[in-house]
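> Pasting in a structure now, in structure tokens, and then I'll have a few things to ask.
The values are calculated or read from the model by the stated rules, or taken from the named source; none is laboratory data. As the structure is a computational prediction, the values presented were derived from the model and not from experiment. Cβ placement follows ideal geometry from the backbone for every residue including glycine, while neighbour counts extend to all protein chains displayed.
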Amino acid sequence: MPMPADFLASFRESMPLSYRQQQNPDDIREHALIAWRRGDEPVHAEIWSTRLNAVVVCVVADDRPGLPSLIRATVAAHGFDVVAAQNYCRYNERQRPEAIHLLWLSPSLEGQRGPANEQDVTSIAQSVSALLRGQTDLGSVIERASSIPSSPGASIDAPRSRPFYRPSRSRFCLPIAR
């Protein structure tokens, strides 16, 4: 279903002034489309732009305490560094706080992988979604993302019985983007 014209106007007006000053009309339209495609999912992420040294990903989720740290830790678990970020919050059409994160991702120095692709971004979004739904914890995401399946097509299922990840109880350290 295509995005209604009034959604774009509503999206633009609901974003903070700093966002509207930094983004051009085409960028705002692309971000609105990504937010629209989120639908009722807890999180949605897409590649927004590809730059010389980074892939820029737009992540849209219901805002909550600790969300930026949770997203960054999940990105790191998948072998990427957040080298820059812009985070915004708006009230969506349901009057719920919604976070829009623009993340510049590059492969971590420890990993031997290329730039992030759609499959990587989908996997990151699925991990964040499972964390937000309480279906897994960050330790399981790290184990799953850092493990290589034994054969093509093999999958690694995360245990579903662990408690929801709470940043205050975490023993994981997050890299600081500089």
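> Output yes when any residue across region 83-104 is buried (at least 17 other Cβ atoms within 10 Å of the Cβ) and assigned to a helix (DSSP H, G or I), and no when none is.
No, that holds for no residue.
> Select, from Glu118, Glu110, the only residue that is acidic (Asp, Glu) and at pLDDT 90 or above.
Answer to the check: Glu118.
> Taking the residues in region 80-107 that are in contact with a strand residue (DSSP E or B) (Cβ under 7 Å, 6 or more places away or on another chain) and among the basic types (Lys, Arg) as candidates, determine which candidate is modelled with the highest pLDDT.
Only one residue tops the list, namely Arg90.
> Same structure again: Identify the single condition in (1) among the basic types (Lys, Arg); (2) in a helix (DSSP H, G or I); (3) farther than 14 Å from Ile124 by Cβ that Arg72 does not satisfy, given that it satisfies every other one.
(3)
> Among residues belonging to region 142-167 that are within 20 Å of Asp62 (Cα to Cα) and in contact with a helix residue (DSSP H, G or I) (Cβ under 7 Å, 6 or more places away or on another chain), point out the one that is modelled with the highest pLDDT.
Selected residue: Pro167.
> Where residues in region 113-147 are part of a helix (DSSP H, G or I) and of a type in the set (Ser, Thr, Tyr), which of them is surrounded by the most Cβ atoms within 10 Å (Cβ to Cβ)?
Here the answer is Ser127.
> When region 29-45 is examined, which residues are found to be under 18 Å from Trp104 (Cβ atoms) and either touching a His at 6+ places or on another chain (Cβ under 8 Å) or β-branched (Val, Ile, Thr) (or both)?
Ile34
> Scan Ala177, Ala125 and give me the residue that is touching a strand residue (DSSP E or B) at 6+ places or on another chain (Cβ under 8 Å), modelled with pLDDT under 50 and aliphatic (A, V, I, L, M).
One residue alone meets the criteria, Ala177.
> Out of (1) touching a strand residue (DSSP E or B) at 6+ places or on another chain (Cβ under 7 Å); (2) part of a helix (DSSP H, G or I); (3) closer than 26 Å to Ala130 by Cβ, the odd one out for Trp36 is which?
(1)
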